[in-house]
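Here, each number is a calculation from the coordinates, and none is a lab measurement. This is a predicted model, so every value here is computed, not measured. Cβ sites come from the backbone with ideal geometry, for glycine too, and all protein chains shown count toward neighbours.
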């Protein structure tokens, strides 16, 4: 299997993965970072969202070998103020979509530190939550700095 | 004191008479309103680990040597497997075992819906297992498939007996009514689509099965697996500490659970069997479609004198027929009611309980019908509901009912309608609609809990319960903290493992808080009693003067004031153990939940777009334990309901019965951009007859009335009657056109 | 399967071309596409906006944020897909995306798959076409293509320059393809003429992240010509020049509602110019 080098959360990993392997699969199964969840595995729900050079992308349909840039997963954001903001605002129920929500939200507030409600809705629309925590996510992002 | 009683147990609206061992519960309820901890906002105990991705779901369980299993599913709506041969499949690289029809519960020889599993294959990797499916040699004999529920009813093809109910003299009352309104309402198949798909990882260690299952009912799965494998219940351990949503679809073991367990036995290796999202959209359960033909007769003063309904539940190939007639028979005071409910057997993937099964569908039909009655009577819809308020459930008193208070809370929001309507212009019409909610939510025995108090004064609640995302851990911690008199951050909760902790009921039917909550309180009270006994002995006081407040053990005269950990340091590494059980339900009473939604919508009358702008929700569910979590439940239920109201529908090919909406871009759930302003309020008055807590469940009530309230708001805005869910643009435009035709013919416009 | 990353156009030599991968990766996984060799073209396709020329490798997310591009294109990008998909997906790839018709995606032996029926016509077709739907009733899902059609864009490929309209063709008995690219031909740039005004309106089934039920792009070009590009109404992006052309729609029983929606959006889009 061809070898691949990935920088994830500022750490360099050298792994073996077939060309068809998704970044999500490599993160979860090979590197062992299971915070990134796979819920649909075809790019429709956003649960698998990670950042590549700060840009939110869907790791389940990103080929691991085609990644160009540094990957940030939820593990790399564990101390981001958004985490406490989500907890405070109760922006989590079952929690399966939540890591992806935080990754998208972190990119949003990096680009727009004080987003409006419309901006939040526009930028978070690719992260589906079946439990319906959306109003809480809005609040978490509006008050992310605490 | 334990005793054996015969009682009626209700889950998801289904009633059964059961024998139960119950313990009496001598505790008196706390006073109403927010207390020190209970009734206040509490952030989730396990929030941080979920947010950070540290929580381990079944999807994250990885065991050494684990195999991956996939299911071979029928491509036909009805067929028989006449021949199946695994030789080629088993010869493939990495393939370790296969199961054919009958070799595990759920693998059938005669599939009755597309997607029904007939076989299972396990291999080293998921890709190998999937590739091997194509190498299984199967011959099918296609059989006749019925896909239309009305055809099934005509041919008397049912999944269970037809249910008829009658009270009073329906025919006569209808004949004497001043006004009669009839309507046919249809709801569609919608899918749970929890973010974590159905899955299980099974491993045998010696003669014990360890099953990691994404489930709402640990003990149910334990029981199911024990029976399937012919082993004692204690030889099955079921673990689920975090699960990614269920909504009723994960109430027991399914094909993937059984296949994983049997394959693990066969291969001697752990086996994961996880559904893909496509399988989840196909054959993991659903809320069945319904056709409801409803009639209401009333006097001109608004008194409802007759209610009738014919309900067809398009159940699917198997399954139970939910009580779609429930709201019609229970919500309003009406002496003359007649209903018939059919469970149509059709060759489509069958229903599973989905957040208030039957009542969501039935409330849509009923509450739209009631509003159409209000229009015909030229009566305010809220006033009409007040006038027909039921003080009992067909003669049976309620344990508590504060629906009138909900109506009062809603009044000021309902009074906004002139202001809302005034926003209308030539394109966007604005309107307001309401709908009432009735549902169960009393829970019941048995459920048990322990509380351990250590020498550091920290408390651990232990129960083999599951937290499906509703915040069970936090609510249980609050109850224990309140009873014991310690700060919330000193309480931890251990749950999710049948090997660790006593029996607890399933997390469905809005039964969690009202079932396990009282058990936790009883366990905490037991521990407190022991602590008080110790303090009394150590400080030569009478027990009755001792209390614990904010983690400090005090005497009434103030002489004793010692931190709990100081009192208990003598324990060293031992502990105080308290034990509690859920007491019996009140007898001879109906334990129900109530509420009302007031919804503001805007409709683009040229394109059929519906926008939900605002929802006010008032719910009566007895004592609120976690105020923050309760608001989240209401928001979540409303948002999920907006999905089945506007954009979610499972479609199948009319020729083959195959499911077409298998992906999440075709099956469209609400995004954050679809969310209205939501204001949630609670009556928050304890049900004085119900347990030591007075709390009912809140998981389902918020999803029950939202579709009807939206439909009624649409009528208010546009005069159009929508009679079908989802209210697609096609349906909205049809209804608008019909309203225009009605107006041209001179029929009265909407009030 | 191997993955190549050429750094110049000259190195291109067959294989399945992929940029953002949002279309190709799922189709490969489903078996709707097969390939021994994948070629990551992000190093060779132009990316960025420069005086009315947009590199085909530019992502929809980049275009959404660029105030210099015409309103119709910018709005089409803004309302397309999800934020993550817009970050990943290229302009060129978006133009070449396949239909969302469930029969096609589930590999029914339909006309687009070389078979002899359109299962949607006789079956479940409520999201399908209202024009040119006799042979195949699939709907084209690209908002961006509709916008570029209205804007009278041209494409420059590795082989030729052509109006956007000529990128598409209706499938027929002898040829089931909906695009006219040759094997190995790669879209390099999208060229935009001057426009006086443009707009894009989209009817979709939820407020975001949904394919167009009906998308209408309108543009008034420099010379005053008015063009309307429609998404979601035909197997290819559909050009009309006046609202009256909607009268010649041939809806199926369950797509008649799309005609009404299209009328309203066409009127509004023209009013926005």
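With contacts taken as Cα pairs under 8 Å and at least 6 residues apart, the stretch B:530-628 reaches a relative contact order of 15 percent.
Here residue B:124 and residue C:33 are evaluated by their C-beta separation; at R0 = 30 Å the FRET efficiency comes out at 0.70.
Summary of the geometry: the stretch B:284-328 and the stretch B:410-481, compared by the centres of their Cα atoms, lie 26 Å apart. Between residue A:142 and residue B:182, the distance separating the two model label sites (each 7 Å from Cα on the Cα→Cβ line) works out to 4.9 nm. Each label was represented as a point 7 Å from its Cα along the Cα-to-Cβ direction; for residue B:164 and residue A:14 these points are 8.0 nm apart.
Taking every residue in A:131-144 and counting other chain Cβ atoms within 10 Å of its Cβ, the average works out to 5. To the nearest Å, what is the center-to-center distance of the stretch B:349-399 and the stretch A:98-146, using C-alpha atoms only? First find each Cα centre; the distance between them is then 37 Å.
As a test, work out the antiparallel percent of DSSP beta bridges whose residues both lie in the protein assembly as shown, rounded to the nearest 5.
Taking every DSSP beta bridge with both residues in the protein assembly as shown, the antiparallel ones total about 80 percent.
Here B:363, A:34 are placed in order of increasing Cβ neighbour count within 10 Å, fewest first, which gives A:34, B:363. For the stretch C:60-211, the antiparallel share of DSSP beta bridges with both residues in that region comes to about 90%.
Placing a label point 7 Å from the Cα of residue B:137 along the Cα-to-Cβ direction, the residues of the stretch B:85-114 whose backbone N falls under 12 Å of that point are B:85-90. Compute log10 of I(q)/I(0) for the stretch C:1-44 with the Debye formula, placing one identical point scatterer on every Cα and leaving out solvent, at q = 0.20, 0.23, 0.33 Å⁻¹, to two decimals. Log-scaled intensity ratios, in q order: -0.58, -0.74, -1.23.
At a Förster radius of 30 Å, what calculated FRET efficiency corresponds to the Cβ-Cβ distance of residue C:68 and residue C:162, to the nearest 0.05? About 0.80, to the nearest 0.05.
Between residue B:24 and residue B:547, the FRET efficiency from the beta-carbon distance, with R0 = 25 Å, is close to 0.60.
In terms of overall dimensions, the C-alpha atoms belonging to the stretch A:77-142 reach 28, 24, 17 Å along their principal axes, ordered largest to smallest.
Pairs of Cα atoms under 8 Å, at least six residues apart: use those to get the relative contact order of chain B, whole percent. Computed over chain B, the figure is 17 percent. Between residue C:250 and residue B:741, the simple spin-label model (points 7 angstrom out along Cα→Cβ) gives 2.7 nm.
Based on every Cα atom in the stretch B:559-634, Rg and the maximum pairwise Cα distance Dmax equal 24.8, 77 Å.
Over the protein assembly as shown, the fraction of Cα-Cα pairs per 10 Å bin, rounded to whole percents and listed from the shortest bin up, is 2, 10, 18, 23, 22, 15, 8, 3, 1, 0, 0. Over chain B, the alpha carbon radius of gyration divided by the compact-protein estimate 2.2 N^0.38 Å works out to 1.00. For chain C, the share of alpha carbon pairs falling in successive 5 Å distance bins from zero is 1, 6, 13, 18, 19, 18, 13, 8, 3, 1, 0 percent.
Shape of the stretch B:20-63 from the C-alpha gyration tensor: oblate (a/c of 1.5 or more and a/b not above b/c, with a ≥ b ≥ c the square roots of its eigenvalues). Take every Cα pair under 8 Å whose residues are at least 6 apart in sequence, average their separation, divide by the length of the stretch A:77-142, and the relative contact order is 49 percent. Among A:64, A:111, A:125, the largest mean-square fluctuation in a Gaussian network model of chain A (Cα springs under 10 Å) belongs to A:111.
Volume per residue of the convex hull around the Cα atoms, evaluated for the stretch A:3-75, comes out as 73 Å³.
What whole-number distance in Å separates the alpha-carbon centres of the stretch B:92-121 and the stretch C:1-49? Here the two parts' Cα centres lie 37 Å apart.
Note on the stretch B:44-110: Kirkwood radius taken over Cα pairs, Stokes-Einstein applied at 37 °C and 0.692 mPa s, translational D equal to 208 µm² s⁻¹. Which residues does a label at residue B:109 reach in the stretch B:57-81, if reach means a backbone N under 20 Å from a point 7 Å past the Cα toward the Cβ? Backbone N within reach: B:72-81.
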